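Presented below is the structure to which this report refers.
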Amino acid sequence: MSGQPAGATGAAPQPAPLPPRGTRWVGTSWKMTKTRAEGLAWARAVAAGLAERGAGAPGGGSPQVFVVPPATALAEVSGLLAQEAPHVLVGAQDAHWEDAGAWTGEVSVPQVADAGARLVEIGHSERREHFGDDDARVALKVRAALRHGLVPLLCVGETAAVRSAGGSVEHVLAQVHAVVDALDGADAARVVVAYEPVWAIGSSGRPARPEEVAEVVEPLVADLGDRLAGVLFGGSVDAGGAPDLLGVPGVDGLFVGRAAWEAEGFLRLVDLVAAAG
Ligand code: PGA
């Protein structure tokens, strides 16, 4: 074992548990924000808020809650939540497709799993735009996550130019097929897709109208819904827009950035997701 990261060899890891199909999801990625102390404060406040609400195991009305801290805070946040809110899935924002090796600056799936991650966000538009994560690389990363029993959160979405050219559905279906078609059924059934149109993400994004979301999610679910663990929506989601987005057929939950970076904001979204049933 010497020289190998944890999990790089040996018995296949136990897959992270998935909630029953039809469970609502709500989660946040902190992107490149928060120190360890800030992350722990958020996690403590959210754990306390979930306990106050009596939030239990996902399913039966309780959503699957998840949080995706930066790699620096992963071990501490996952350690705290394992104690204080064990049903919260903790994820990494990315992971390399190789288990170990000469890849300076990267972290592998076994390494993020060792730090407590049970989910890996893969293919976020910021990774695709700035770091060269194309469909082929995204597919490799999804397979690496599955190999180690983590839940891949596959992010897909079209740019404004693709949407105005009328190509949204084709683009998003191609992004999902590029990953899922190479998987067997059991692996595909562990993939959670986040539909996040690029034009809706971040402070320069425009919140999507429910009918714009439906335009893509309905054909996506019709084509691939039975093969996936769930379909989430993300991009400028906030408490004001959440109920209508949750009402779009096929949307199982929300993946939120800025509106969830304060614990109270996140808990408000948890309440709205729980209320959506
Ligand atoms: P936002 O980020 O909610 O801040 O737009 C969403 C995302 O990038 O997943």
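The values are calculated or read from the model by the stated rules, or taken from the named source; none is laboratory data. None of these values were measured; they are calculated from a predicted model. For neighbour counting, all protein chains shown are included, and Cβ atoms are generated from backbone atoms with ideal geometry for every residue, glycine included. All accessible areas refer to the heavy atoms of the entire protein, side chains included, with ligands and DNA or RNA removed. Shrake-Rupley method; radii C 1.70, N 1.55, O 1.52, S 1.80 Å.
Could you run through the range 161-171 and say how many residues are basic (Lys, Arg) and open to solvent by less than 10 Å² (accessible area, probe 1.4 Å)? Working first, answer last.
We begin by selecting, within the range 161-171, every residue basic (Lys, Arg); these are 163.
Cutting the leftovers down to open to solvent by less than 10 Å² (accessible area, probe 1.4 Å) gives us none.
Count: 0.
Return the only residue of 55, 41 being at pLDDT 95 or above and not acidic (Asp, Glu).
Working: 55 fails: at pLDDT 95 or above.
Every option except 41 fails the conditions.
Kindly indicate whether residue 221 is free of Cβ contacts under 8 Å to residues at least 60 places away in the same chain and under 22 Å from residue 133 (Cβ atoms). Show your work before the answer.
Numbers: free of Cβ contacts under 8 Å to residues at least 60 places away in the same chain: yes; under 22 Å from residue 133 (Cβ atoms): no.
In short, no.
Which residue is farthest from the ligand (Cβ to nearest atom), if the candidates are limited to the range 129-160 and must be open to solvent by less than 10 Å² (accessible area, probe 1.4 Å) and more than 19 Å from residue 220 (Cβ to Cβ)?
In this case the residue turns out to be 149.
What are the pairs with Cβ atoms under 6 angstrom where one residue, in the range 250-267, is within 18 Å of residue 200 (Cβ to Cβ) and open to solvent by less than 10 Å² (accessible area, probe 1.4 Å) and the other, located anywhere, is in a loop (DSSP other than H, G, I, E, B) and near the ligand (Cβ under 8 Å from one of its atoms)? Sequence gap at least six, or different chains.
Going by the 6 Å Cβ cut-off, the qualifying pairs are 254/237; 256/237.
This table checks each residue for (1) surrounded by fewer than 24 Cβ atoms within 10 Å (Cβ to Cβ); (2) touching a residue at least 40 places away in the same chain (Cβ under 8 Å).
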site: 75; (1), (2): yes, yes
site: 79; (1), (2): yes, no
site: 86; (1), (2): yes, no
site: 89; (1), (2): no, yes
site: 93; (1), (2): yes, yes
site: 101; (1), (2): yes, no
site: 104; (1), (2): yes, no
site: 108; (1), (2): yes, yes
site: 121; (1), (2): no, yes
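Looking at (1) within 16 Å of the ligand (Cβ to nearest atom); (2) open to solvent by 40 Å² or more (accessible area, probe 1.4 Å), which is the one condition that is false for residue 181?
The single condition residue 181 does not satisfy is (1).
Which of the strands (runs of 3 or more DSSP E) contained wholly in the range 185-277 include at least 1 residues that are more than 13 Å from the ligand (Cβ to nearest atom), at pLDDT 95 or above and more than 19 Å from the chain's Cα centre (by Cα)? Show your work before the answer.
Working: elements: 192-195, 230-234, 253-256.
Output list is empty.
Identify, from the list 142, 138, 162, the residue that is of a type in the set (Val, Ile, Thr) and either more than 28 Å from residue 114 (Cβ to Cβ) or in contact (Cβ under 8 Å) with a residue 60 or more places away in the chain (or both).
Working: 142 fails: either more than 28 Å from residue 114 (Cβ to Cβ) or in contact (Cβ under 8 Å) with a residue 60 or more places away in the chain (or both); 138 fails: either more than 28 Å from residue 114 (Cβ to Cβ) or in contact (Cβ under 8 Å) with a residue 60 or more places away in the chain (or both).
Exactly one of 142, 138, 162 is of a type in the set (Val, Ile, Thr) and either more than 28 Å from residue 114 (Cβ to Cβ) or in contact (Cβ under 8 Å) with a residue 60 or more places away in the chain (or both), namely 162.
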